[in-house]
Amino acid sequence: MNKYQYKVQGVDYDVEIEEVEGNVAKVVVNGVRFDVELKQPINPTSTLKKVHVEAPKTLARPSIAPAAAPVAEKPAATGTGSGIKAPLPGTITDVKVNVGDTVKQGDVVLVLEAMKMQNNIESEYAGTVTSITVKPGESVMEGAVLMTIG
């Protein structure tokens, strides 16, 4: 088993590569198991560096940065304030607020689907939404910043 630590857009990931068989790598990311399909099989005699390069590219697929561009049009969307983070890995199914909206502590700001269950994500803070970094259909990892409240 090979263990690696990565930081992607400020979020730490602990990655364990359990085994690679053909073009499927069995990995554990922050305690969650994944079967990662590689674009091409890896020769078992290849170096660990090759496994190190191939598997994380597939794991890093959930992208947060491109979603930030549309909300950056408004001056208030600077992302200042306190971040609302994903409590577990999943898929965003609904964003209930917009940049500039005022929210109270406990308001549902978005819905995250994980393990076939809809999870209401509530604001931990009262304030104004300054940025939203995700959109419906986007996959996120645990600890990813979903939006900021200023």
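The values are calculated or read from the model by the stated rules, or taken from the named source; none is laboratory data. Note that this is a predicted model, so its numbers are computed, not measured. Quick reminder, even Gly has a Cβ in these numbers, built from the backbone with ideal geometry, and neighbours come from all protein chains shown.
The table that follows gives values for the structure above.
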quantity	calculated
Residue tally, condition in contact (Cβ under 8 Å) with a residue 24 or more places away in the chain and surrounded by 15 or more Cβ atoms within 10 Å (Cβ to Cβ), over the stretch 102-131	14
Residues of the stretch 118-134 satisfying the condition of being in a loop (DSSP other than H, G, I, E, B) and within 19 Å of G10 (Cβ to Cβ)	E124, Y125, T133, V134
Those residues of the stretch 1-42 which are among the small types (G, A, S) and exposed (fewer than 15 other Cβ atoms within 10 Å of the Cβ), in sequence order	G10, G22, G31
Of the criteria (1) within 18 Å of A144 (Cα to Cα); (2) modelled with pLDDT under 80, which one N43 fails	(1)
Residue within the stretch 88-95 that is in a strand (DSSP E or B), among the polar types (S, T, N, Q) and touching a Pro at 6+ places or on another chain (Cβ under 7 Å) present	yes
Test set (1) under 20 Å from D12 (Cα atoms); (2) at pLDDT below 90 - M141 fails condition number	(2)
Considering residues of the stretch 135-150 that are of a type outside the set (A, V, I, L, M, F, W, C) and part of a strand (DSSP E or B) only, the residue farthest from G100 (Cα to Cα)	S139
